[in-house]
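> This structure is in structure tokens; I'll ask about it shortly.
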Amino acid sequence: MDGNSILAGFLVSTIGFGFFMYGKKQGRAPQIAFGLLTMVYPYFVGGPPWIFGIFAALSLLLWLAIRMGL
């Protein structure tokens, strides 16, 4: 892991923590799941492009879940 991966992981995990806290406070399952996933997966992914790519895909899934009314 290089410094860029650490910073990217920290950024994504911080955003995930915010979503987790929001979901927990509001009782929203999609935000809780998104927050947990984004806090954990950067530890298992190699580089910043992968970290941000997976984050974008998870963000799209969150948007779709909210749009569907979950």
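> Taking only protein heavy atoms into account and a 1.4 Å probe, give the accessible area per residue of region 21-70 in Å².
Averaged over the residues of region 21-70, the accessible area is 70 Å².
> Using a 1.4 Å probe on the protein chains only, how many percent of the accessible area of the chain belongs to carbon and sulfur?
75
> Using only the alpha-carbon atoms, how far is helix 48-67 inclined from the longest principal axis of the chain? Give it as 0 to 90 degrees, nearest 10.
Between the helix axis and the principal axis of the chain, the angle is about 0 degrees.
> Distance from the Cα centre of region 19-43 to that of region 44-70, in angstrom?
Cα centroid to Cα centroid, the span is 12 Å.
> Compute the helix-to-body angle for 3-26: its Cα long axis versus the longest principal axis of the chain, expressed 0 to 90° and rounded to tens.
10
> How large is the Rg to Rh ratio of the chain when both quantities use alpha carbon positions and Rh follows Kirkwood?
Using Cα coordinates only, the ratio equals 1.01.
The values are calculated or read from the model by the stated rules, or taken from the named source; none is laboratory data. Every value quoted in this text rests on a predicted model; they were computed, and no experiment measured them. Quick note on the areas: whole protein, heavy atoms, side chains included, nothing else; ligands and nucleic acids left out. Shrake-Rupley method; radii C 1.70, N 1.55, O 1.52, S 1.80 Å.
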